[in-house]
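Asks: Pasting a structure here, questions to come.
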């Protein structure tokens, strides 16, 4: 997963004033058509690969996102394409649901790859007459960053589970080797318990010769035979 | 359906919230203790511990906790916290100014009467209160100077005055909205959608309280009741919160209602809950709050005068006095939309300011729980999930504003003649129904019917049934209401609801209304 909005900064761009389309004579008739166009000009000469677009809604019912893409390899002129068509922002254009909510359009939700984008155009629609005005606020575009090759895909997994800070271990043996050796010992005791006729084990060290008495704890099974000694 | 990104975010948030909780430490402790079990082997440690937690019921408890967390709204990264509580700016402003107004009223009462908002009780008084804790109802303090901070009708005026600054309210559009009092265009559901959402209430489905009535043939009665009882027993034993909620939609059997509700609300009565309650009780004994007098007055005026609830007067004091000091209640409102009006003591927030009729939220629960700390926990959960929405300004689907609008729309759509007639005689139906809805019908219905209604509130996790019932009552009494010619006679027709059977009314209104 590539960078989240927390890490990346939004692209600096200029937003032109929204243009509310009018029906009929612009001077005489001020009937609202319910359509508004917002042009977003990305920095000149620096096409952007878009990761996501975020904005806050203000009574817009549907939004269409069109992108002007210029392929850097080919010399062909830039082409407009539709990334998102009529995305509903309000469940019902006449009622409040979703009217002031925050939205994110991720690149995976777009119909085309939003790469090498020079200009974006947001077409807002609000067919209901219930509202005096409608717009989008706080529009931000976040660029797509290539995932860090060192971090694995499970990077977001580690963000979920907060790992405990390991205390500084100086002069102490490595916990891993200690625990694995303890596990081995425990496994051994398990084996011993299940096979009760086999060799005795003592917790304390015993002498090299078998004939001398064992210096061991009372858990020992004195059955003769082999004696297993642990390191001093 | 959540996308991959949203799902991982939701998971991360839930883990964050559950980490460090009491359940987390309990499960850890259980996992450590289960290592002594013989069937937990070293080589398959992880799987064995997991299956132990599953069979011992701890996984179910964790599922219940996750289920409870899922009831909270998901966090969308760019949205600030106040937006999650209430997305509409003008509603936030209205709620804030309402809270200020209530607080100001409380403060001016304090100044006027010369009673401080809080003061420490003298030692003798503390001792006396400790001794009298279980019979506070016998006290007859002089409460004549105190008056409720606000009454539901004051709140209704605020709701009526709410306007969206972006709403075009010129005359030629949506004339229908000018019939009713609520002028805010919230999305409310009409009968076709309600039929889908409340399909378990269909006329063909058996309901507890109707279909186990003695008039039905014993053989049929036995089978149906036994089956329902069996299912509910299994649900309680399995401690399955989600199943309990689903089951509650058709009503709970009386004997199991207390357990089922506690399960749905995840209201446990573990040692730390009891301890919390004892701490609150200690707080009550130490300090006397101005709000306490309001609580006394409210209980004396409402619950004590009610034929069904006067026996529980002492319980009500024990619960409400503690509740008014519980700051943990406000912790919950960080996530949920809106906050009820709260008061301050020396900079420290004290919980909710009660209004006239507040004690009626607790009274019906006294029929189910007789242990004070359990009663307290269940009430607290019910309050922070549902009841606070009935006196806060918000755009939530279960908020009182949506309920009022839904009531008006249902009436306008399906009983237009009645609505028109009432308007003609100068009566706004909402003014008659508001007091029922604000109390979720507590004190207006008979108790067994009220509990059946609250079964559905829990079962569907929504207060919508309250609005539907209000409209259904009007539909039921429509004939009489069509003949009235004044506000007083309209009120008289609707004065007594104690004989109503709620489920048949709701069922007929939802499923038998001609479309």
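Asks: If residue B:315 meets every condition in (1) surrounded by fewer than 21 Cβ atoms within 10 Å (Cβ to Cβ); (2) modelled with pLDDT of 80 or more apart from one, which number is that one?
Replies: Among (1) surrounded by fewer than 21 Cβ atoms within 10 Å (Cβ to Cβ); (2) modelled with pLDDT of 80 or more, the lone unmet condition for residue B:315 is (1).
Asks: Separate question: Which condition from (1) exposed (fewer than 15 other Cβ atoms within 10 Å of the Cβ); (2) modelled with pLDDT under 90; (3) in a strand (DSSP E or B) is the one that residue A:85 breaks?
Replies: Unmet for residue A:85, out of (1) exposed (fewer than 15 other Cβ atoms within 10 Å of the Cβ); (2) modelled with pLDDT under 90; (3) in a strand (DSSP E or B): (2).
Condition check ((1) at pLDDT 90 or above; (2) within 14 Å of chain B (Cβ to nearest Cβ)) across all residues:
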position	(1), (2)
A:22	no, no
A:27	no, no
A:68	yes, no
A:79	no, no
A:94	yes, yes
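Asks: Now a separate question. Tell me whether the stretch A:49-63 contains one or more residues that are without any contact (Cβ under 8 Å) to a residue 24 or more places away in the chain, within 30 Å of residue B:84 (Cβ to Cβ) and surrounded by 15 or more Cβ atoms within 10 Å (Cβ to Cβ).
Replies: Taking every residue of the stretch A:49-63 in turn, none turns out to be without any contact (Cβ under 8 Å) to a residue 24 or more places away in the chain, within 30 Å of residue B:84 (Cβ to Cβ) and surrounded by 15 or more Cβ atoms within 10 Å (Cβ to Cβ).
Asks: Looking at (1) surrounded by 19 or more Cβ atoms within 10 Å (Cβ to Cβ); (2) within 31 Å of the chain's Cα centre (by Cα), which is the one condition that is false for residue A:106?
Replies: Just one mismatch for residue A:106, condition (1).
Asks: Which ones in the stretch B:486-503 are part of a loop (DSSP other than H, G, I, E, B) and surrounded by 12 or more Cβ atoms within 10 Å (Cβ to Cβ)? Write out each step before concluding.
Replies: From the stretch B:486-503, those part of a loop (DSSP other than H, G, I, E, B) are B:486, B:494-501; that's our starting set.
Result: B:494, B:497, B:498, B:500, B:501.
Asks: Further, regarding this structure: Would you please name the residue that is nearest to residue A:67 (Cα to Cα), looking only at residues in the stretch A:102-143 that are within 14 Å of chain B (Cβ to nearest Cβ) and touching a helix residue (DSSP H, G or I) at 6+ places or on another chain (Cβ under 8 Å)?
Replies: Here the residue is A:106.
Asks: Moving on to the next point. Does residue A:157 satisfy the condition of being at pLDDT below 80, within 13 Å of chain B (Cβ to nearest Cβ), exposed (fewer than 12 other Cβ atoms within 10 Å of the Cβ) and more than 21 Å from residue A:107 (Cβ to Cβ)?
Replies: So residue A:157 fails the test.
Asks: Of everything in the stretch A:109-118, what is crowded, with 18+ Cβ neighbours inside 10 Å and within 21 Å of residue A:60 (Cα to Cα)? Give them in sequence order.
Replies: Across the stretch A:109-118, the qualifying residue is only A:110.
Asks: Oh, and also: Quick check: anything in the stretch B:93-112 modelled with pLDDT of 80 or more and within 14 Å of another protein chain (Cβ to nearest Cβ)? It would help to see each step written out before you state the result.
Replies: Our first condition is that a residue be modelled with pLDDT of 80 or more; within the stretch B:93-112, this holds for B:93-112.
Of the ones still in play, those that are also within 14 Å of another protein chain (Cβ to nearest Cβ) are B:93-94.
Yes; the residues of the stretch B:93-112 include at least one that is modelled with pLDDT of 80 or more and within 14 Å of another protein chain (Cβ to nearest Cβ).
Asks: Then there is this: Please verify whether residue B:84 is within 14 Å of another protein chain (Cβ to nearest Cβ) and either surrounded by 12 or more Cβ atoms within 10 Å (Cβ to Cβ) or within 30 Å of residue B:401 (Cα to Cα) (or both), treating the condition exactly as stated.
Replies: yes
Asks: Going through the stretch B:13-47 one residue at a time, which ones are part of a helix (DSSP H, G or I), at pLDDT 70 or above and within 11 Å of chain A (Cβ to nearest Cβ)?
Replies: B:14, B:15, B:45
The values are calculated or read from the model by the stated rules, or taken from the named source; none is laboratory data. Computed from a prediction, not measured in an experiment: that's the story for all the values here. Please note: Cβ atoms are built from the backbone with ideal geometry, for glycine as well, and neighbour counts cover all protein chains shown.
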